[in-house]
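The values are calculated or read from the model by the stated rules, or taken from the named source; none is laboratory data. Here the structure is a predicted model, which means the values were calculated and not measured. Here the Cβ positions follow ideal geometry from the backbone for every residue, glycine too, while neighbour counts run over all protein chains shown. Remember, those area values only see protein heavy atoms, side chains included, never the ligands or the DNA or RNA. Shrake-Rupley method; radii C 1.70, N 1.55, O 1.52, S 1.80 Å.
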Amino acid sequence: MSTDADAFLSALRLSDSFLPVGSYTASYGLEQYINEDRIEDGEDLRALIAAYLRRLVGPCETVAVANTHAASADGDAERLLAVDERLHAVTMPAEFRESSTKAGAKLCELLLAETAETDVDELPSTLAEAIEDGSTPGHYPVVFGVVAQRRGLSRLEACLAHAYSFVTGLLGAAQRLGRFGHTEIQAALEDLQPVVETICEHHLEDEIAAMSSFAPLAEIMGMRHERAGRRLFMS
């Protein structure tokens, strides 16, 4: 029971915006959607985030989390670094890459280094050193997958926790931009839960080579955000 409780509490910690990795500074283009008045109401917001989940998070970041979790379980550093390289290559907007690598470095500093001190194999230390010396980008889903596996989460639990934190991050951004209240945000979160479950289950077994994203408008919004004169968020 204690192991299950530890894993559950770790999942809560990893998916909580209270974890200081800087994710609260990222909207992944959502701010630009709102700046251009492309989101008018809660239905538009739900539809947009559901599209993010199906087109970007599921086939890209969930695949990364699942594969780094498996690589961590096997102690396979080569596979782990291959996931990081692939994720960097398929993440198009510069702001998205910057947000992800900054959050990954911070999560590494907070939790991966702590894991490495007590772990019997060297994989966490190998990843931490590679991020520090710049030989791998250190994307957030990659570090997340390793930390989740070392903290006792199953592969599916790790993917669910990551996707859930992505959704709450975007919903939090929408709320801070002043367009939506607490009740609307909570209603959206409940409506999006089945989508989170579906995309995680669907992409859980995907190989590294399958990692891709197809969200052209979201990527365009991210690129426009880089040049926007008014910005509250880093991405």
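Counting the residues of segment 144-191 that are β-branched (Val, Ile, Thr) and closer than 29 Å to residue 122 by Cβ gives 2.
Residues 189, 217: which one is open to solvent by less than 70 Å² (accessible area, probe 1.4 Å) and in a helix (DSSP H, G or I)? Don't jump to the end; show me each part of the working.
On the way: 217 fails: open to solvent by less than 70 Å² (accessible area, probe 1.4 Å).
Result of the check over 189, 217: 189.
Select from segment 185-223 the residues that are at pLDDT 95 or above and of a type in the set (S, T, N, Q) and write down the one among them that is nearest to residue 83 (Cα to Cα). Among those that are at pLDDT 95 or above and of a type in the set (S, T, N, Q), it is 198.
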